[in-house]
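Here the structure is laid out as structure tokens; the discussion comes afterwards.
FYI, it's all coordinate maths here, none of it is from the lab. These figures come from a predicted structure and were not determined experimentally. All Cβ positions, glycine included, derive from the backbone under ideal geometry; neighbour counts span all protein chains shown.
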Amino acid sequence: MTDSFRRHSGFAAAFSTAAANGELVYARCARCARTLGYRARVCTCGHRGVVWDRASGGARLLSYAVYHQAYGDDRPLPHTVAQVELDEGPRLVALLNADAGALQPGAALRLQLDPQGHLVAHRAEPSADH
Ligand SMILES: [Zn+2]
């Protein structure tokens, strides 16, 4: 996702700058603090100002696809691409570093940016307090 997002969105400069520093960020309205989707240009309150906050890294699996054909990158095949929803609400596409067949929709994931700036989702470990 991040490659396409960078190419097609001038809005992405703040996201890309943070990602280059290993930080996953998401946008909120500067006036009402509502969380905005990554492609939002204006809040439902009508305000165009945005602030960027660091995401927790927690997410849920929405869907995935296994790629057996390369599409312009050098990732090993096959690889799995997942649509995820951040705990903060926005949705992103990430590489899935887990056995997708063992995950149910809604499975807890942890997101990280790899050194190349790709967003990678891992299966979240159960918390120790259960
Ligand atoms: Zn707003």
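Could you give the dipole magnitude of region 45-113 about its Cα centre, charging the beta-carbon of Lys and Arg +1 and that of Asp and Glu -1, in debye to the nearest 20?
That gives a dipole near 120 debye.
Could you give P(r) for region 44-101, binned at 5 Å from zero, as whole percent values over all Cα-Cα pairs?
Over region 44-101, the share of Cα pairs per 5 Å bin runs 4, 15, 21, 17, 15, 13, 7, 5, 2 percent.
Between region 76-99 and region 50-69, what is the separation of their alpha carbon centroids in Å?
So the two Cα centres are separated by 5 Å.
Can you tell me how much longer the chain between Cys45 and Thr17 gets when fully stretched, taken as 0.36 nm per residue apart minus their C-alpha distance, in nm with one decimal?
7.4 nm
How many percent of Cα pairs in the chain exceed 21 Å?
Everything past 21 Å amounts to 43 percent.
In what order do Asp87, Asp99 fall by count of nearby beta-carbon atoms within 10 Å, going from fewest to most?
With the fewest neighbours first, Asp87, Asp99 line up as Asp99, Asp87.
Rounded to the nearest 500 deg cm²/dmol, what is the calculated helix-only ellipticity per residue at 222 nm for the chain, with -39500 (n - 2.57) per DSSP H run of length n ≥ 4?
Computed ellipticity for the chain at 222 nm equals -3000 deg cm²/dmol.
Kindly identify region 80-130 as rounded, prolate or oblate by the Cα gyration tensor criterion: order the square roots of the eigenvalues as a ≥ b ≥ c, call it rounded if a/c is under 1.5, otherwise compare a/b with b/c, prolate if a/b is larger, else oblate. Working shown, then result.
On the way: a/c = 1.43, a/b = 1.36, b/c = 1.05.
Since a/c stays below 1.5, the shape of region 80-130 is classed as rounded.
Roughly what would the spin-label model give for Asp99 and Ser56, points 7 Å off Cα along C-beta, in nm?
Rounded to a tenth, the inter-label distance reads 2.7 nm.
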